[in-house]
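The values are calculated or read from the model by the stated rules, or taken from the named source; none is laboratory data. What you see is a predicted model; the values in this text were computed from it and never measured. Quick reminder, even Gly has a Cβ in these numbers, built from the backbone with ideal geometry, and neighbours come from all protein chains shown.
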Amino acid sequence: MALESDSRDHVSAEEFFRICEAHGFDRRQDMLQLGGYLHDLGICLFFQDDELLSRTVVLKPEWGTGAVYRALDDPKIIRNLGVFGPADLKRIWHEPAYASMRAELLQLMVRFGLCYRVPGSETFVAPQLLSPTRPSYAWDDADNLLLRYEYDVMPKGIVRRLIVALHDLIEPGDNVWRTGVLLRHDLTQAEIIEDYRRRRLTIRLRGGDPRILLAMIDRELAAVHRSYPAIRFEKYRPCDCDRCAVAVEPTMFTIGELMDFVVDGSGIQCRRSRTLRDAAALLHGLYKDPVQSSGSAASGRTAPAAQPEIFVSYKWGGDADALVDEIQQRMSERGCTSPATATRWTTAIRSSSSCGGSEPASASSSCWTRRTCARGTACTN
């Protein structure tokens, strides 16, 4: 591919478009879609939804990640528990290969969820370098809303990504550490703590209407979950009986089973006190109307996955066109749909099976088509 053979670490977006034009593209939308495809494959980095990064295409992703980890591995930043500023980056990225791209490299760190800017300052914080020690702070345990996530296999750093995403809500003071954070929105406080050894993420909220802050946390956590294909977890609420209120490990009910009992209209039994509890009351802190929400809320056993896409590379012209038309027809019969934009784009992607040689195919002789399977299953025929 022309881009892969380019010796430059990065080019401007306009230069990328010129390369596309030289290989047969004439529609800007097709060029952007190709850039997104190459980004998804990890061939390049092209953040089209970022005001700063959309101006640059990183042709050598290892150049960007290498620069990022030079900052994270810097002894001074490590000693400073992940806190750094422009002077640190000027010192670390002083070589010509990095000096003119410091702003973009810093934004890459933000997009990778590796750091955040302290509001109202030029100071940045890398959560993975924060103190591992939980700070001392006052917390009233009365009338808390508690929610716990338990994972089959817990990815590392979930809470650190939440810290970056929700950094503007961090409670002022020494209230963020490597495995946890305190947040505040209006009258509500939230405590989020990750226990990697036990594969748990615990969220406690108090004050005001906790559902507002919980919705903010849940939105960002869902985004984190979507980045891990087939991640499996359960969401739990603790029993509210008197025995569980003082227990170190109270009875925990999954959100799914509570929803089932709400629909049935029956009480759910605590496994510790053997008393029947009101499932709707246990869900009230999460949903304004648990009965109405029961039809759409899920326990969260598997994060929603993006629809799979199928890419077909073939030699343009002759029998290949008729064969691809037949493939598309059969995929349509199985619920696979073309994207709203163009179905086929001419490209310079080399296909050794269709070109029959080691040289890249020209734009006039190679083509690829994309289909999205609406049923969420792969089509093989």
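Go over the candidates Arg272, Arg232 one by one and state the one that is at pLDDT 90 or above and farther than 18 Å from Thr202 by Cα. Quick ask: steps written out before the conclusion?
Numbers: Arg232 fails: farther than 18 Å from Thr202 by Cα.
Within the list Arg272, Arg232, the selection yields Arg272.
Which residues, counting only those in the range 97-132, are polar (S, T, N, Q) and either surrounded by 12 or more Cβ atoms within 10 Å (Cβ to Cβ) or closer than 17 Å to Ile170 by Cβ (or both)?
Filtering the range 97-132 down to residues polar (S, T, N, Q) leaves 100, 107, 121, 123, 128, 131.
Gln107, Ser121, Thr123, Gln128, Ser131, listed by residue number.
Which of the helices (runs of 4 or more DSSP H) found entirely inside the range 1-97 contain at least 1 residues meeting this: within 24 Å of the chain's Cα centre (by Cα) and of a type outside the set (A, V, I, L, M)?
Details: elements: 13-22, 28-41, 61-72, 75-79, 86-92.
The qualifying helices (runs of 4 or more DSSP H) are 28-41, 61-72.
Given the conditions (1) free of Cβ contacts under 8 Å to residues at least 24 places away in the same chain; (2) under 17 Å from Ala126 (Cβ atoms), report the number of the one that Leu187 does not fulfil.
(2)
Please pick out the residue among Asp6, Asp26, Asp74, Asp49 that is on the phi < 0 side of the Ramachandran plot and touching an Asp or Glu at 6+ places or on another chain (Cβ under 9 Å). Outline the logic, then answer.
Numbers: Asp6 fails: touching an Asp or Glu at 6+ places or on another chain (Cβ under 9 Å); Asp26 fails: touching an Asp or Glu at 6+ places or on another chain (Cβ under 9 Å); Asp49 fails: touching an Asp or Glu at 6+ places or on another chain (Cβ under 9 Å).
Step by step, each of Asp6, Asp26, Asp74, Asp49 is checked, and only Asp74 is on the phi < 0 side of the Ramachandran plot and touching an Asp or Glu at 6+ places or on another chain (Cβ under 9 Å).
Going residue by residue through the range 21-35, is there one that turns out to be among the aliphatic types (A, V, I, L, M), crowded, with 17+ Cβ neighbours inside 10 Å and out of contact with any strand residue (DSSP E or B) (no Cβ under 7 Å at 6 or more places or on another chain)?
First, pick out the residues of the range 21-35 that are among the aliphatic types (A, V, I, L, M): 22, 31-32, 34.
Retained after the next criterion (residues that are crowded, with 17+ Cβ neighbours inside 10 Å): 31-32, 34.
Still in the running and out of contact with any strand residue (DSSP E or B) (no Cβ under 7 Å at 6 or more places or on another chain): 31-32.
So far as the range 21-35 goes, yes, one or more of its residues are among the aliphatic types (A, V, I, L, M), crowded, with 17+ Cβ neighbours inside 10 Å and out of contact with any strand residue (DSSP E or B) (no Cβ under 7 Å at 6 or more places or on another chain).
Return a yes/no flag: does the range 237-245 have any residue that is within 23 Å of the chain's Cα centre (by Cα), loosely packed, with under 15 Cβ neighbours inside 10 Å and at pLDDT below 95.
First pass over the range 237-245, keeping only residues within 23 Å of the chain's Cα centre (by Cα): none.
Within the range 237-245, not a single residue is within 23 Å of the chain's Cα centre (by Cα), loosely packed, with under 15 Cβ neighbours inside 10 Å and at pLDDT below 95.
What are the pairs, 6+ residues apart or on separate chains, where a residue within the range 168-182 that is under 21 Å from Val110 (Cβ atoms) has its Cβ under 7 Å from a residue that is among the small types (Gly, Ala, Ser)?
Pairs found: Trp177/Ser131; Arg178/Ser131.
Being closer than 18 Å to Trp93 by Cα and charged (D, E, K, R): is that true of Asp40 here?
Working: closer than 18 Å to Trp93 by Cα: no; charged (D, E, K, R): yes.
Here the answer is no, as Asp40 does not meet what is asked.
Consider the range 190-203. How many of its residues are surrounded by 17 or more Cβ atoms within 10 Å (Cβ to Cβ) and either touching a Pro at 6+ places or on another chain (Cβ under 9 Å) or hydroxyl-bearing (Ser, Thr, Tyr) (or both)?
2
Those residues that are part of a helix (DSSP H, G or I), under 20 Å from the mean Cα position of the chain (by Cα) and touching a residue at least 24 places away in the same chain (Cβ under 8 Å), I need them from the range 193-223; list them, please. Step through it out loud before you land on a result.
The initial filter retains those residues of the range 193-223 that are part of a helix (DSSP H, G or I), namely 210-223.
Remaining after also requiring under 20 Å from the mean Cα position of the chain (by Cα): 213-223.
Answer for the range 193-223, where residues must be part of a helix (DSSP H, G or I), under 20 Å from the mean Cα position of the chain (by Cα) and touching a residue at least 24 places away in the same chain (Cβ under 8 Å): Leu213, Leu214, Met216, Ile217, Glu220, Leu221, Ala222, Ala223.
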